[in-house]
1. I'd like the full set of residues that are surrounded by 15 or more Cβ atoms within 10 Å (Cβ to Cβ), closer than 17 Å to Gly201 by Cβ and within 23 Å of the chain's Cα centre (by Cα), limited to the stretch 72-112.
2. Is there any pair with a first residue in the stretch 154-183 that is farther than 30 Å from His133 by Cβ and a second that is surrounded by 17 or more Cβ atoms within 10 Å (Cβ to Cβ) and aromatic (Phe, Trp, Tyr) whose Cβ atoms are under 9 Å apart and which are 6 or more apart or on different chains, and what are they?
3. Which residues, counting only those in the stretch 175-211, are surrounded by 15 or more Cβ atoms within 10 Å (Cβ to Cβ), in a helix (DSSP H, G or I) and not hydrophobic (A, V, I, L, M, F, W, C)?
4. Among (1) in a helix (DSSP H, G or I); (2) without any contact (Cβ under 8 Å) to a residue 12 or more places away in the chain; (3) not polar (S, T, N, Q), where does Phe226 come up short?
5. Could you tell me which residue of the stretch 113-133 is surrounded by the fewest Cβ atoms within 10 Å (Cβ to Cβ), considering only residues that are of a type outside the set (A, V, I, L, M, F, W, C) and in contact (Cβ under 8 Å) with a residue 60 or more places away in the chain?
6. For the stretch 133-163, what are the residues that are under 28 Å from Phe113 (Cβ atoms) and of a type in the set (A, V, I, L, M, F, W, C)?
7. Out of the residues in the stretch 113-145 meeting the condition of being within 23 Å of the chain's Cα centre (by Cα) and small (Gly, Ala, Ser), tell me which one is farthest from Val73 (Cα to Cα).
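Throughout, read-outs are computed from the coordinates displayed, never taken from laboratory work. All of these numbers come straight from a predicted model, not from anything done at the bench. FYI the Cβ positions are ideal-geometry reconstructions off the backbone, even for glycines, and counts take in every protein chain you see.
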Amino acid sequence: MKLMPKGTAAPSSSSVRPASRFGARSALAAVALVLVAVPFALVLLMVEDKWPPLLRADTGARDSLHGYAVSHVGFVGAMQLISNSGSALAWQIVLAAVVVWLLWRRLPRLALFVVITAAGSSVLNTVVKATVHRLRPVVTNPVAHEGGLSFPSGHAQAAIVGYGVLLLVFLPILHGAWRRLGVALAIFMVLAIGFSRIALGVHYLSDVLGGFVLGGAWLLAMTAAFNAMRVEGGRRPVDGSEGLEPEQSPRLAGHGTTDDEKNVSP
């Protein structure tokens, strides 16, 4: 057994904990940077360099879908309905209701995750659009009109972030067929919203792909941040398939006692 020199104090847990927290935060910063920067930078590079295969895909999708939309009023109406379901106003209403519900169920950490992830995504989209400054597609006889800049698609980014947030919050109370249905519906709506923006002639295909990539990377980064907060709080990290706080499933389902509280002896 090795004895410590006389007069040397053993490191206290309080001195070790800040170091471990700093290490966790440093690792988180590196992970977040990679998740957000690398995949999106690849898409942005192809857009800025006008990569010929991507340009052909952009113009081909724009022209073929617009040609179909001009002669099919019902198609345009359906695309407008799907697009409106993914608008900023629609997401503000849905996510505000979720935040109120979570606060009512005494789940402030989940409510904070929803607010920061959604608001941060919106700010990030605005900054990137202003930096890239890509104009929207120009078509003859447009079937829809949209202001602002084009890359990345705000609707596409909001769709993947919004539906991802809803799944991460509510997966703990979705089981079996309901979980499969929830995941399938989220995937379908994300793809449908992205498709509707191209079909309406207000975005290029690469705008939508850029929104998907940036939104997915941001969602992963925020999930990693939430996991780091769990570890710092002494709780186990969770897998995305479990949801963000699986131990809070009783409260999410409308019951008053969490799994953690049940395990606390009186």
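1. Met79, Gln80, Ile82, Ser83, Gly86
2. Here the result reads Leu168/Phe113; Leu168/Phe226; Val169/Phe113; Gly182/Phe170, each pair linking the stretch 154-183 to a residue that is surrounded by 17 or more Cβ atoms within 10 Å (Cβ to Cβ) and aromatic (Phe, Trp, Tyr).
3. Residues of the stretch 175-211 that are surrounded by 15 or more Cβ atoms within 10 Å (Cβ to Cβ), as a first pass: 179, 182-183, 186, 189-211.
Narrowing the set further to residues that are in a helix (DSSP H, G or I) leaves 179, 182-183, 186, 189-199, 205-211.
Hits for the stretch 175-211 are Arg179, Gly182, Gly194, Ser196, Arg197, Ser206, Asp207, Gly210, Gly211.
4. Of (1) in a helix (DSSP H, G or I); (2) without any contact (Cβ under 8 Å) to a residue 12 or more places away in the chain; (3) not polar (S, T, N, Q), only one is false for Phe226: (2).
5. Residues of the stretch 113-133 of a type outside the set (A, V, I, L, M, F, W, C): 117, 120-122, 125-126, 129, 131, 133.
Remaining after also requiring in contact (Cβ under 8 Å) with a residue 60 or more places away in the chain: 117, 120-121, 125.
On the way: Thr117: 24, Gly120: 14, Ser121: 25, Asn125: 26.
That would be Gly120.
6. So in the stretch 133-163, the residues under 28 Å from Phe113 (Cβ atoms) come out as 148, 151-163.
Within the stretch 133-163, Phe151, Ala156, Ala158, Ala159, Ile160, Val161 meet the criteria.
7. Going through the stretch 113-145, the residues within 23 Å of the chain's Cα centre (by Cα) turn out to be 113-134.
Now narrow it down to the ones that are small (Gly, Ala, Ser): 118-122, 130.
Working: Ala118: 33, Ala119: 35, Gly120: 36, Ser121: 33, Ser122: 31, Ala130: 33 Å.
Across the stretch 113-145, the extreme among qualifying residues is Gly120.
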